[in-house]
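Notes for the one structure printed next.
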């Protein structure tokens with residue numbers, strides 16, 4: 001029984017060590033992540049892409065700013081665009 | 001295209017601008033300040049506003065801000081060309097008809113009782129005296145004014161001028177009083193939907209506005225019931241009562257939104273008999289009226305419309 005325990009401990013230690021070394025080798029040979037900084041100043045943080053804020057879902061919740069492509073109104077014949085502004089009295 | 005929107009003056013304010021985002025954002029901030037400042041200055045619902053201070057000293061010369069002086073001077077200049085149909089001195093008549101508090105607080109069915117048994121005929125606003133050197137004005141004794149509509153238009157134009165210094169092109173809408181500056185990229189004009197007064201969620205026409213301003217007066221907006229009778233905020237200075245017009249709304253295109261606002265109101269009150277004469281001699285002005293059946297009439301040219309009620313022009 002005692003001999004069995006020793007064999008089991010040895011087997012678990014060997015598997016753990018093997019797994020660790022295998023992972024080390026795998027990561028060491030993995031492709032490097034692309035550099036985010038092509039300039040000479042390695043401490044500079046690369047600019048993050050700017051995402052336009054989402055349009056508001058409800059105009060009554062306090063307002064806000066948003067951006068979107070310019071509305072397409074090149075032709076008087078076009079009916080496929082939404083009016084930019086509305087007038088109807090207030 | 002960048003947008004900014006918020007509520008002020010109990011209505012929706014919308015800015016649209018093209019240009020570099022960081023510049024446009026600064027413009028939005030300054031244009032918001034213009035609107036907020038004007039809201040405090042011109043409201044009749046705050047006893048501390050400059051307008052209500054002025055109303056309290058009717059009969060005396062009173063120094064006013066440059067903004068107030070400009071609005072009052074412009075308002076006075078529109079009285080004669082609208083044959084007195086534009087008259088900001090309708091405040092007592094407006095209150096007597098039940099519009100005695102902010103529209104958001106006014107019960108739709110059951111405004112307060114009339115505070116006067118007889119209709120109140122407003123005094124002639126042209127009797128307002130102005131002193132440009134001292135930047136002072138004098139309201140005739142007993143005159144009480146409401147600058148709601150014209151101030152909104154004036155602020156739309158002022159905010160657009162402010163925003164334009166930060167943007168390549170821009171448009172400002174203060175509750176549908178709109179001023180545009182410059183043209184949107186690759187477009188022949190700004191697209192402005194004209195609300196159908198019978199179905200406010202739908203547009204009955206679309207205008208193409210290349211420069212200047214647009215404003216609409218409507219009897220379908222800001223309405224309430226008083227002793228069972230439907231009332232609205234467009235007071236006919238000839239009667240001191242809410243106007244009885246065959247038209248539901250009139251939209252006017254003009255060089256400035258204050259002018260468009262004043263003439264839209266006058267054309268709505270004047271109806272088909274007077275509106276053509278009022279608008280025809282004003283440079284850069286055209287109008288579009290909508291009656292109860294949804295029929296359109298006016299002096300807008302076809303190149304100023306992109307569609308009418310779904311029909312190609």
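Read-outs throughout are calculated quantities, based only on the coordinates presented, and are distinct from any laboratory measurement. Since we're looking at a predicted model, the values are computed, not measured. Cβ coordinates were reconstructed from backbone atoms using ideal geometry, including for glycine residues, and neighbour counts include every protein chain displayed.
Overview of results
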read-out: FRET efficiency for residue B:126 and residue B:53, using Cβ-Cβ distance with R0 set to 25 Å, rounded to 0.05; value: 0.70
read-out: Sorted by Cβ neighbour density within 10 Å, fewest at the top, the residues B:121, B:77, B:191; value: B:77, B:121, B:191
read-out: Inter-chain shielding of B:71-77 (mean C-beta neighbours from other protein chains, 10 Å cut-off); value: 0
read-out: Average beta-carbon neighbours from other chains, 10 Å sphere, peptide B:170-178; value: 3
read-out: Relative packing of peptides B:127-133, B:184-190 - highest average C-beta neighbours within 10 Å first; value: B:184-190, B:127-133
read-out: Size-normalised alpha-carbon gyration radius of segment B:2-312, reference 2.2 N^0.38 Å; value: 0.97
read-out: Cα centroid separation, segment B:1-73 to segment B:188-213 (Å); value: 24
read-out: Under the Debye formula (equal points on every Cα, no solvent term), log10 I(q)/I(0) of segment B:157-246 at q = 0.18 Å⁻¹; value: -0.88
read-out: For peptides B:151-161, B:78-88, B:256-266, sequence by mean Cβ density within 10 Å, most packed first; value: B:256-266, B:151-161, B:78-88
read-out: In nm, spacing of pseudo-spin labels at residue A:11 and residue B:135 (7 Å Cα→C-beta vector); value: 9.5
read-out: 10 Å Cβ neighbours from other chains, averaged over peptide B:186-193; value: 6
read-out: Ranked B:21, B:139, criterion: other C-beta atoms within 10 Å, fewest first; value: B:21, B:139
